[in-house]
Amino acid sequence: MHTPQDYKQENLATVKDFLQKNAFGILINKTENRYWGTHIPLELGVDEQGNDVLYGHISKANPQWKYFDAEEEILAIFPGPHTYVSASWYDHENVSTWNYVAVHVYGKLAVLSEAEVMQSLRRLMDKYEATSEHPVDWEKLSPRTLMQAKGVVGFKIVITDIQATYKLSQNRHDKDYQNIISELEKRNDFDDAAVANIMRDNRA
């Protein structure tokens, strides 16, 4: 991913926090002679060897898994919040632009055993059920329900590279920067508010 130096986010802790909170990514590899992308949860974790990894699973009906190659890097893309920035918000004539956060993760993929798949699914469910009023209890799932796990292929991606772009008007002087935040907050839109919050934190 091309990222001008001004917009590179090289604080790994910040990027990992983003991946934990924005775990729905796009898994990309070459499948049937064309690039193939699947939108799935990809959970950041650490494996038994201490490697930073992404855990995920896809349906066996999806042909993508048949082209997993342990020798080739695979790409996972995590889009973050994004928004249009009007040049009318500057104190001088300039061009409008787009502010956004995006993270690309490269790594080597390994297919999980059935037991590892079950562990991965349990971690995933526990994470997202934690905020439910009546959370589903993995221990109470019937064997019939758990059998559905046989219909997926689980995997981990051992991370080899992370590229993060935080294009957030870092090149603007403080007056324009603060005005962009104010204008975004007026829009009452989820992405606008998210970008404004990140910008505020970045120049706190």
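Between 0 and 90 degrees, the angle of helix 114-129 with respect to the longest Cα principal axis of the chain falls at about 40 degrees. Maximal additional length on extending the residue 189-residue 118 stretch stands at 21.8 nm, based on 0.36 nm per residue less the C-alpha distance. If you run the Gaussian network model on the chain, springs between alpha carbon atoms under 10 Å, then out of 170, 49, 20 the most flexible one is 49. Quotient of the Cα radius of gyration of the chain and 2.2 N^0.38 Å, N being its number of residues: 1.21.
For the range 83-138, the fraction of alpha-carbon pairs lying more than 16 Å apart is 70 percent, rounded to a whole number. Taking every C-alpha pair closer than 8 Å and separated by at least 6 residues, the mean separation divided by the residue count of the chain gives a relative contact order of 26 percent. Cross-link reach is defined here as a Cα-Cα straight distance under 19 Å, omitting same-chain residues fewer than 8 places apart; for residue 140 the lysines meeting it are 127, 150. Each of 136, 12, 61 was placed along the dipole of the chain (beta-carbon charges, centred on the mean Cα), and the one lying farthest toward the positive end is 61. Shape verdict for the range 1-105, please, from the Cα gyration tensor: rounded (a/c under 1.5), prolate (a/b greater than b/c) or oblate. Note, shape of the range 1-105 comes out prolate. From its DSSP helices (H runs of at least four residues, each -39,500 (n - 2.57)), the chain gives a residue-normalised ellipticity at 222 nm of -8500 deg cm²/dmol. For the pair residue 11 and residue 88, a Förster radius of 35 Å applied to the C-beta separation gives a FRET efficiency near 0.65, rounded to the nearest 0.05.
Dipole check for the chain: with +1 at the C-beta of Lys and Arg, -1 at the C-beta of Asp and Glu, and the Cα centre as origin, the magnitude is about 440 Debye.
Here, each number is a calculation from the coordinates, and none is a lab measurement. Here the structure is a predicted model, which means the values were calculated and not measured. So basically every Cβ, Gly included, is an ideal-geometry build from the backbone, and we count neighbours across all protein chains shown.
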